[in-house]
Amino acid sequence: MYTSQMKELIKKVEETRPMRLGVDFPRITTEEGQDLLKKFHPDFIEEGFRELQVGVNKGDRVPRELADLLEARSMIEHIELDLSEIVCDVDVLIIGGGGAGAAAALMAQEQGADVALVTKLRFGDANTMMAQGGIQAADKTNDSPAIHYLDVMGGGHFANIPELVYALVNDAPKIIKWLEDIGIMFDKEEDGTMITFHGGGTSRRRMHSARDYTGVEIMRTLRDETINKGIKILEYCPAVELLLDEEGKAAGAILYNLETEEYLVARAKTVILSTGGSGRLHFQGFPTTNHYGATADGLVMGYRAGARMAFMDAIQYHPTGVAYPSEILGMLVTEKFRGLGAKLVNINGKQFVYHLETRDLQSAAIIRECSERKLGIATPTGTVGIWLDSPLIDLIHGEGTIEKRFPAIIRQFKRFGLDIRREPILIYPTLHYQNGGLLLDDNGRTNIENLYVAGENSGGVHGRNRLMGNSLLDILVFGCRTGSHAAQKCQEVKLKKLTLNHVHNYHCQLENNGIDTGGRISPLLLPNYTHREVPEMQTFCGSSKDFGQNGMYLA
Amino acid sequence: MPQESLIDIYIMGKKYAVPESLTIMRAMEFAGYQLKRGCGCRTGICGACATVYRIAGDHEFKVGLACQIRVESGMHLAQIPFYPPLKGIYNIDNLPPSASSIKAYYPEIYRCIGCNSCTKVCPQNINVKQYIAYARKGDIAGCAFESFDCIMCGLCAYRCPAQIAQYNVGILARRLFGKYLLPRDLQLQQRVDEIQGGKYETELQRLMKLDIQELNNHYYSRDIEA
Ligand SMILES: Cc1cc2nc3c(=O)[nH]c(=O)nc-3n(C[C@H](O)[C@H](O)[C@H](O)COP(=O)(O)OP(=O)(O)OC[C@H]3O[C@@H](n4cnc5c(N)ncnc54)[C@H](O)[C@@H]3O)c2cc1C
Ligand code: SF4
Ligand code: SF4
Ligand code: FES
C-alpha cells in the first residue's frame with residue numbers, strides 16, 4: 001500500500017497524464033548524452049572502481065567488489081586433492097545451468113558428445129528464469145539483420161566486436177524458429193504471426209515474448225528438453241576452480257558438493273563456462289535484479305586460469321527497479337512497460353526523459369532527477385524514486401492491456417497491496433547486467449585453448465551497453481555455437497595429466513605484486529546475507545554525495 | 001532507519017527474534033542461515049523456495065513461497081525439501097498433441113479425486129485441478145493456458161492424495177501446444193531462408209567495415225518505427 005503522502009503525490013501524476021498522451025519528449029543528443037553519463041552514471045563514479053594489479057587484465061579498471069574477488073586466494077588452496085580420482089569424465093563439461101548452459105548442452109550432445117552440466121543451485125535457478133521482457137530477432141518484413149546490427153552497435157556505443165554482433169543478429173531468426181520447434185508458447189496473432197514490441201534502443205518492433213514469462217518459458221522448456229535428452233546433470237555442485245592440463249589447456253574443473261562439502265574432480269576435453277552474471281556483488285551498494293547465484297564465479301575461475309576479460313568496467317543499471325515496497329526492492333520492472341508507452345515522471349508529475357532512451361541514459365537521467373534536481377519521491381524507508389506511469393498503457397492501448405501483458409508483475413505487486421493498473425510504480429535504477437565478461441570469439445572460444453564461454457559471463461557481444469532482449473538472444477545464439485564447437489573440438493583433444501599449477505602460480509603473482517588479500521577467498525559461490533542487523537543505508541547517487549539513497553541489498 | 005519491533009518465529013523448531021517486516025526468506029537469513037537450497041530468484045518467479053508453516057495455536061498447515069510471505073508472530077516453519085517426482089522422458093518431435101500422449105507418461109492423472117487441494121495451495125493462483133481435468137480430456141490447449149503461470153514450485157504435488165506431479169503434466173501440455181497447435185509464423189521461416197540464402201550478407205559486411213563515425217551517422221539518422 002502506498003502511504004497517504006504518496007497517494008497525495010500520485011494525484012499530480014494523474015493530473016498531468018492526459019498531457020503525456022501522444023506527445024513524445026525530445027530525445028537526448030549524442031553530446032548531451034555523453035555529459036549526462038559522465039556526471040551521473042555509476043560507471044563514471046571513480047571510487048566504485050580500481051585497477052587490477054595481477055593477471056592478463058592488469059591495469060584495467062573493474063568494479064572494486066569484483067577486483068576484491070579476483071585478487072583473492074583460491075578456495076581450494078589448503079585442500080588435499082587427488083587429481084587422478086576422477087568422478088566425472090566426459091567430453092564436454094558445462095559449468096552453469098542457466099539458458100546458455102542448457103543450450104550448449106543440447107547442441108553439444110546433438111554433435112555426439114558425452115556431456116555433463118554442473119550447476120550451483122537447482123538447474124534453472126538462474127537469471128534466465130527471471131527475464132520478463134522478451135527476446136529480439138529481426139524477422140518482420142520492415143526489419144532486417146542489418147537494421148538489428150545497427151541498433152546493437154549503437155546501443156553498445158560502437159564498442160561491440162563486429163563479428164560477434166554479426167553472429168548475434170544473423171542467427172536470431174533461426175533461434176526463434178528453434179524455440180518454436182521445442183514448443184515455446186510465444187505471443188502470437190491467430191494466424192501465427194508473432195506479436196512484437198519495442199524495447200529501449202530498438203528501431204523496429206522486434207521483441208518477441210511469452211507474456212511476461214519469457215525467461216521462465218524458455219528456461220523451463222530447455223530444462224525439460226535437457227532432461228529428456230539424458231544429459232548428465234549435477235545440481236548443488238558448483239565448480240570452484242578450473243583444471244588445466246600440462247600444456248595449459250582447459251581440461252576439467254574441481255566441483256564442490258554444497259551439501260556434503262566434498263571436492264570432486266571432473267575431467268573433460270573441452271570446458272564451457274556459463275555461470276551468468278554478478279549482480280549479487282552489489283556494486284556500489286546497489287540493489288539488484290539478479291538471482292541468488294549471480295556471484296561472478298565464472299570470471300574468477302576463468303581469470304585465474306589466464307582467460308582475458310573485456311568491458312568489465314561497463315555495468316548495466318536497469319532504470320526501472322522497484323524502489324517501493326522494500327520487500328521487493330531492486331526487483332525488475334520490465335522495459336516492456338516503456339515499450340508500451342509508460343513514461344517516467346518526477347514529483348511534480350513532469351516527464352524528464354524520453355521513455356525509449358537506452359538504459360544507461362535513462363538510469364543517469366533518473367539519478368540526476370533524484371540527486372542534483374531533488375525531484376524524486378521519498379519513501380517511508382528512506383529510499384527515493386521516480387514514478388513509472390504504468391496506467392498510461394491502458395489509456396494508449398485500451399483497458400485491460402496491462403492485465404493481459406503483465407500478469408506476473410501484477411501479481412508480484414498485488415501481494416503487497418499495490419495495483420499497478422491504476423497506480424504508478426515507484427522505481428529507481430537497480431544493478432542488472434554485466435555488459436562485459438570473458439572475451440570470446442564467434443565460436444565461444446576464449447584465449448585459453450579448450451576453454452569456452454557463453455552467456456552473461458562472456459564479454460564483447462554487447463560492447464558497453466546491452467539492449468533489452470539481446471541477452472536472451474545472446475545466451476541462445478552463443479550457447480548453441482559454443483556447444484557445437486566445443487563438441488567438435490573434442491575429437492582432436494588428447495587427454496593429458498591434470499594440474500592446478502595455474503592456481504599456485506596465481507597465488508605467487510599475488511604475493512610478488514605485494515597484494516594483501518586480507519583473508520579474502522573466492523569464488524564467492526553464495527552471497528552472505530546472514531546479517532544480524534538490517535544492512536546499513538548506503539550513500540551513492542551520481543556525483544551528488546550529499547544525497548542519501550538507501551542501497552539496502554536484500555530483496 | 002527507525003528501530004523495528006521484533007517478533008518470535010520458529011525455524012525448524014528453534015526460536016528466533018526477527019523484524020516483522022521481513023519475508024520468511026530474509027528472516028531465515030537474519031536468523032543466521034546461509035541458504036543453500038530453497039533460494040533462487042528471491043522475487044517469486046523461480047519456484048525454488050516452497051515452505052510449510054503453521055501459526056502457533058492453529059492446527060492448519062499452510063504453504064507458500066518463502067520469498068513472498070511476510071513472517072508472523074508465532075510462525076513455525078520449515079523449507080520443503082527437494083521433491084523428487086517421476087518425470088516422463090519423451091521425444092517431443094514424435095509425440096502427437098493428444099490425450100494419449102499425456103496418458104502414456106502420466107497415467108496417474110486418471111486417479112485424481114477432485115479434492116482441489118492443489119488449487120488451494122498454488123502460490124500462482126492457478127486452477128490446478130482444472131488443468132489436470134483438461135489434460136484428462138485431451139484438451140491440450142486448455143491445459144497449456146491454464147497451467148501457463150506455473151513456476152514448478154512443487155507445492156501442488158506435495159499436497160496431492162493421488163500422487164500426481166501436476167506441473168510435469170502442465171509442461172508437457174504446453175510444449176505440445178506450442179509445437180503442434182499454435183500456428184507457425186510463416187514470415188519467420190521466410191526470414192530464416194533469406195538469411196541462409198545470403199540476402200543480407202552484402203549489407204552486413206558493409207556495416208561491419210564502417211568506422212565509428214560513419215556508423216554513428218547511420219545510427220542517428222536511422223528511422224524508428226512508431
Ligand atoms: C530480472 C531479469 C530480467 C531480465 N530480462 C531480460 C529480458 O527481458 N530480455 C533479455 O534478453 N534479457 C533479460 N535479462 C538478462 C538475461 O536474462 C540474462 O543475462 C541471461 O539469462 C543470462 O543467462 P546465462 O545462461 O548466461 O546465465 P544464468 O541464466 O544466470 O545462468 C547461470 C547459471 O550458472 C550457475 N552458476 C553460477 N556459478 C556457478 C558455479 N561456480 N558453478 C556452477 N554453476 C554456477 C547459476 O546458479 C545459474 O544457474 C534479464 C535478467 C534479469 C536478472
Ligand atoms: S501448479 Fe503446482 S508447481 Fe505450478 S505453481 Fe502452482 S503449486 Fe507450484
Ligand atoms: S490434489 Fe491431486 S487429487 Fe486433488 S484435485 Fe489436485 S490433482 Fe486431483
Ligand atoms: S526464490 Fe524464486 S520463488 Fe522464491
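The values are calculated or read from the model by the stated rules, or taken from the named source; none is laboratory data. All values derive from a computational prediction rather than experimental measurement. Please note: Cβ atoms are built from the backbone with ideal geometry, for glycine as well, and neighbour counts cover all protein chains shown.
Just a few scattered comments:
- Test: residue in the range A:76-86 that is under 25 Å from the mean Cα position of the chain (by Cα) and not charged (D, E, K, R): no
- Taken as a whole, the range B:92-114 holds at least one residue that is facing chain A (nearest Cβ under 10 Å), free of Cβ contacts under 8 Å to residues at least 24 places away in the same chain and more than 16 Å from ligand 4 (Cβ to nearest atom).
- Selection count, the range A:216-233, where residues are among the aliphatic types (A, V, I, L, M) and part of a strand (DSSP E or B): 1
- The sole residue among B:Y134, B:Y158 that is modelled with pLDDT of 95 or more and either crowded, with 16+ Cβ neighbours inside 10 Å or away from chain A (no Cβ under 14 Å) (or both) is B:Y134.
- Filter result for A:G321 (touching a residue at least 60 places away in the same chain (Cβ under 8 Å) and among the small types (G, A, S)): yes
- When we screen A:T499, A:T446, A:T482, A:T517 for residues that are closer than 22 Å to A:R280 by Cα and of a type in the set (S, T, N, Q), the only hit is A:T517.
- Residue within the range B:140-147 that is part of a loop (DSSP other than H, G, I, E, B), of a type in the set (D, E) and either away from ligand 1 (no atom under 16 Å from the Cβ) or within 12 Å of chain A (Cβ to nearest Cβ) (or both) present: no
- Single unsatisfied condition, B:E108 versus (1) of a type in the set (D, E); (2) under 29 Å from A:T381 (Cβ atoms); (3) within 16 Å of ligand 3 (Cβ to nearest atom): (2)
- For B:R37: the one exception among (1) under 16 Å from the mean Cα position of the chain (by Cα); (2) within 16 Å of ligand 1 (Cβ to nearest atom): (1)
- Of all residues making up the range A:189-215, the number that are in a strand (DSSP E or B) and modelled with pLDDT of 95 or more: 5
- Residue satisfying condition, being at negative phi, within 16 Å of ligand 2 (Cβ to nearest atom) and within 20 Å of the chain's Cα centre (by Cα), within set B:A135, B:A141: B:A135
- Residue match in the range A:176-188 (condition: at positive phi and either within 21 Å of the chain's Cα centre (by Cα) or within 11 Å of ligand 1 (Cβ to nearest atom) (or both)): no
- Within the range A:353-379, the set of residues being out of contact with any Pro (no Cβ under 9 Å at 6 or more places or on another chain) and more than 21 Å from A:G155 (Cβ to Cβ) comprises A:E369, A:C370, A:S371, A:E372, A:R373, A:K374, A:L375, A:G376, A:I377, A:A378.
- When the range B:150-168 is limited to residues that are more than 9 Å from ligand 3 (Cβ to nearest atom) and in a helix (DSSP H, G or I), the one that is farthest from B:Y106 (Cα to Cα) turns out to be B:L155.
- Failed criterion for A:E259 (all others in (1) in a loop (DSSP other than H, G, I, E, B); (2) within 11 Å of another protein chain (Cβ to nearest Cβ); (3) within 30 Å of A:A408 (Cβ to Cβ) hold): (3)
- Total residues in the range A:467-481 satisfying the condition of being part of a loop (DSSP other than H, G, I, E, B) and either under 20 Å from A:A105 (Cβ atoms) or touching a strand residue (DSSP E or B) at 6+ places or on another chain (Cβ under 6 Å) (or both): the figure is 1.
- A count restricted to the range A:136-152 and to residues that are touching a helix residue (DSSP H, G or I) at 6+ places or on another chain (Cβ under 6 Å), outside any loop (DSSP other than H, G, I, E, B) and farther than 20 Å from A:I182 by Cβ stands at 6.
- Out of B:Y106, B:Y110, sole residue that is away from ligand 1 (no atom under 16 Å from the Cβ) and either under 20 Å from the mean Cα position of the chain (by Cα) or assigned by TED's automatic domain parsing to the domain that holds B:C49 (or both): B:Y106
- Which listed residue, of A:G444, A:G455, A:G459, A:G436, is over 12 Å from the mean Cα position of the chain (by Cα) and over 26 Å from A:G341 (Cα atoms): A:G444
- Residues located in the range B:40-53, provided they are more than 16 Å from ligand 2 (Cβ to nearest atom) and modelled with pLDDT of 95 or more: none
- Any hit, the range A:115-135, residues being more than 25 Å from A:T295 (Cβ to Cβ), over 19 Å from the mean Cα position of the chain (by Cα) and assigned to a loop (DSSP other than H, G, I, E, B): no
- Figure legend. Inter-residue proximity from the range A:346-366: first residues at negative phi, second residues of a type in the set (K, R) and part of a loop (DSSP other than H, G, I, E, B), beta-carbon distance below 6 Å, spacing 6+ or different chains. Indicated pairs: A:Q351/A:K343; A:Y354/A:R27; A:H355/A:K343.
- Pairs with Cβ under 6 Å, 6+ apart, first in the range A:149-175 and crowded, with 24+ Cβ neighbours inside 10 Å, second modelled with pLDDT of 95 or more and of a type in the set (K, R): A:P173/B:R191
- Qualifying residue in the range B:155-170 (condition: away from ligand 1 (no atom under 16 Å from the Cβ), within 22 Å of A:I227 (Cα to Cα) and in contact with a strand residue (DSSP E or B) (Cβ under 6 Å, 6 or more places away or on another chain)): yes
- Candidates A:V62, A:V92, filtered to the one that is farther than 22 Å from A:L264 by Cβ, more than 14 Å from chain B (Cβ to nearest Cβ) and surrounded by 22 or more Cβ atoms within 10 Å (Cβ to Cβ): A:V62
- Any hit, the range B:178-190, residues being under 17 Å from the mean Cα position of the chain (by Cα) and within 7 Å of another protein chain (Cβ to nearest Cβ): yes
- Candidates B:R174, B:R184, B:R206, filtered to the one that is within 13 Å of ligand 2 (Cβ to nearest atom) and either basic (K, R) or not assigned by TED's automatic domain parsing to the domain that holds B:Y105 (or both): B:R174
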